[in-house]
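One structure below.
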Amino acid sequence: VGWNLRRAAFPEPMLAALSLWGLAHMAGGGIPVGDSVLYSLPLIPIVGTGEMTILKYDQLVHAYGFGVTAWVLWHLMAHNHPALRGSRTIYVYPALAAMGLGAVNEIIEFGAVLMVPETNVGGYYNTLLDVCFNALGAVLAMVIVARVEAGRTAARP
């Protein structure tokens, strides 16, 4: 984002959303909660226990963060390839790319666990739930962007 800041004309709400993600991420790993950190905190215990608990702060941050990632990727596609506006491609590719970047994030977390075992990253279930919430956030973001874009198109004379 920093390399393209001026050229890509990122809207201020998008930059604010990225900043909020960074803050949420730093808080998640840095704020102690009981014997763990904020990332492990169940927000709404919908189902499960332990690593299978849904909905934890960690899962919400993953959904939000990779939703924002999909939004940024959509913006870059719309900005650099305006002919794609209105096509399915402009929504599907950013969602899939955000999911791929989410998988890269999990690989990095795995590397951190191998180097420093006490990272509070979690185990297998946590990793797969993270991947699922990354996908959920990316798809939900593209649904929202598509609806907003459809509304803008309908409002044009």
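The values are calculated or read from the model by the stated rules, or taken from the named source; none is laboratory data. Because the structure is predicted, anything quoted here is derived from the model rather than measured. Using ideal geometry, Cβ is built from the backbone for each residue, glycine included, and neighbour counts are taken over all protein chains shown.
Data for the structure
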{"quantity": "Residue list for the range 118-157, restricted to those being assigned to a helix (DSSP H, G or I) and β-branched (Val, Ile, Thr)", "calculated": "Thr127, Val131, Val139, Val143, Ile144, Val145, Val148, Thr153"}
{"quantity": "Failed item in (1) part of a helix (DSSP H, G or I); (2) at pLDDT below 95, with Pro45 passing the rest", "calculated": "(1)"}
{"quantity": "Only listed residue being surrounded by fewer than 19 Cβ atoms within 10 Å (Cβ to Cβ), at pLDDT below 95, part of a helix (DSSP H, G or I) and not aromatic (Phe, Trp, Tyr), chosen from Gly29, Gly22", "calculated": "Gly29"}
{"quantity": "Enumeration of residues in the range 90-118 that are surrounded by 14 or more Cβ atoms within 10 Å (Cβ to Cβ) and either within 23 Å of Ile31 (Cβ to Cβ) or touching a His at 6+ places or on another chain (Cβ under 9 Å) (or both)", "calculated": "Ile90, Pro94, Gly102, Asn105, Glu106, Glu109, Val113"}
{"quantity": "Leu73 vs. criteria in contact (Cβ under 8 Å) with a residue 12 or more places away in the chain, surrounded by 14 or more Cβ atoms within 10 Å (Cβ to Cβ), over 26 Å from Pro32 (Cβ atoms) and not aromatic (Phe, Trp, Tyr)", "calculated": "yes"}
{"quantity": "Filter result (closer than 15 Å to Phe66 by Cα and either of a type in the set (Ser, Thr, Tyr) or touching a helix residue (DSSP H, G or I) at 6+ places or on another chain (Cβ under 7 Å) (or both)) within the range 95-120", "calculated": "Ala95, Ala97, Ala98, Met99, Leu101, Gly102, Ala103, Glu106"}
